[in-house]
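Participant: One structure is given below, represented as structure tokens, and several questions about it will come after.
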Amino acid sequence: MNLCAFAPVFIAETYFFIYYLLPNTVVKKKYLLFLIGFLLTYIMGIVINYFTAERFLAITQFFPNTFQHRIEMSNYNTRWGMIIATLGLGIKLTKGWYLQQKENLEILKRKARTEMQSEKARIHPELLLRSLDTIYNDIQSSYNKAPMLILNLSEVLSYSLYENENDMVLLKDELLQLQHLITLEQEKKAAINIEMQIKGNIDKYIAPMVLVKTMEQIISHLYKAKIFSCLLQLQLVMVDDTLLSNFTLLGETENILQDIPWPLFITNTQSRLSSYYSATDFNVELKQHENKIIFSIKLKLSKHFHETSSQLNTVGTANDNL
């Protein structure tokens with residue numbers, strides 16, 4: 001009965017704290033105004049509860065209906081109302097902070113995803129120019145390989161632009177585009193000799209452009225360092241759900257070590273992989289063995305296709321509209 005009598009003040013104080021004091025003082029960092037509102041609410045609560053206590057004691061006869069008992073009861077119930085209102089305010093603040101942090105994290109993820117998709121879609125300009133130059137020279141020389149080269153370049157560009165919308169693609173599709181890239185490179189003048197070996201089941205899924213981008217950047221670094229007389233061997237081995245890929249460079253080992261920024265290359269590769277895989281699902285290493293350098297990527301493959309979060313949000317929005 002006591003709760004029923006004084007509950008309206010509890011509720012009024014809680015609503016006033018959450019829907020007026022919070023947005024108009026705390027959120028705007030007007031803490032002095034909040035303190036004044038807090039004290040005024042307390043005083044108003046005592047005044048209202050004083051008259052409520054008077055009616056309550058007259059009906060129930062729990063205590064003598066004196067001024068002292070009315071003040072004590074109004075003060076006691078007002079304090080509990082302020083405690084409940086403050087707890088409600090704290091819960092509302094905590095919830096708002098949590099939702100804000102969650103939104104900020106989602107914004108950062110979307111930004112990182114957008115940047116990564118932009119990076120994947122961007123074929124290295126020097127590689128593109130060399131490919132176009134190769135096609136032009138082939139046309140001028142009448143070697144009749146231009147249609148095949150144009151088709152390979154078109155496949156690589158199409159793959160980089162459209163397939164990166166997915167979180168995962170078939171490994172065999174990634175390897176096909178890697179072969180297109182190697183074919184384009186092998187037809188160039190002063191081309192780097194590239195060999196590729198594949199072992200194991202390729203009916204698994206991998207993040208798009210992982211291998212293609214790595215091969216593209218290694219080739220670009222070799223051209224920048226003017227290292228042409230080397231052999232680049234790519235060995236891909238699938239063991240259960242794990243892909244072991246070794247990019248082995250044979251030749252001018254000292255030049256390759258000194259002229260290529262391997263630490264930056266490793267950092268960029270790790271950053272690219274971390275957008276799709278947890279830290280425990282991949283490993284990147286660089287090793288030197290006598291006259292060869294081995295850049296290794298150990299990667300956990302997926303058995304299933306995953307849509308990107310942007311695609312899922314689009315589907316969800318469409319369903320909501322329906």
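Participant: Against the definition (more than 25 Å from the chain's Cα centre (by Cα) and in the same structural domain as Asn268 (by TED's automatic domain parsing)), how does Glu216 come out, yes or no?
Facilitator: Judged against the criteria, Glu216 is not a match.
Participant: Sticking with this structure for a sec: Looking only at residues in the range 282-322 that are of a type in the set (Gly, Ala, Ser) and outside any helix (DSSP H, G or I), which one is modelled with the highest pLDDT? It would help to see each step written out before you state the result.
Facilitator: Residues of the range 282-322 that are of a type in the set (Gly, Ala, Ser), as a first pass: 296, 302, 309-310, 316, 318.
Still in the running and outside any helix (DSSP H, G or I): 296, 302.
On the way: Ser296: 94, Ser302: 85.
The selected residue is Ser296.
Participant: Restricting attention to the range 179-218, which residues are hydrophobic (A, V, I, L, M, F, W, C) and more than 21 Å from Val237 (Cβ to Cβ)?
Facilitator: As a first pass, look at the range 179-218 and keep what is hydrophobic (A, V, I, L, M, F, W, C): 181-182, 184, 190-192, 194, 196, 198, 202, 206-207, 209-212, 215, 218.
Leu184, Ala190, Ala191, Ile192 - these are the residues of the range 179-218 that are hydrophobic (A, V, I, L, M, F, W, C) and more than 21 Å from Val237 (Cβ to Cβ).
Participant: Could you say whether any residue in the range 220-243 is surrounded by 16 or more Cβ atoms within 10 Å (Cβ to Cβ), aromatic (Phe, Trp, Tyr) and modelled with pLDDT of 85 or more?
Facilitator: No - not one qualifying residue is present in the range 220-243.
Participant: Identify, by number, the condition in (1) buried (at least 20 other Cβ atoms within 10 Å of the Cβ); (2) not in a loop (DSSP other than H, G, I, E, B) that Pro208 doesn't meet.
Facilitator: Every listed condition holds for Pro208 apart from (2).
Participant: Which residues, taken from the range 79-100, are of a type in the set (D, E, K, R) and over 26 Å from the mean Cα position of the chain (by Cα)?
Facilitator: The answer is Arg79, Lys92.
Participant: Going by what's in this entry, would Ala5 be described as in a helix (DSSP H, G or I) and at pLDDT 85 or above?
Facilitator: no
Participant: Looking at Asn246, Asn193 in this structure, which one is surrounded by 14 or more Cβ atoms within 10 Å (Cβ to Cβ) and within 30 Å of Lys303 (Cα to Cα)?
Facilitator: Checking each option against the conditions leaves just Asn246.
The values are calculated or read from the model by the stated rules, or taken from the named source; none is laboratory data. The structure presented is a predicted model; accordingly, all values stated were derived computationally and were not measured. Cβ: placed from backbone, ideal geometry, glycine included. Neighbour counts: every protein chain shown.
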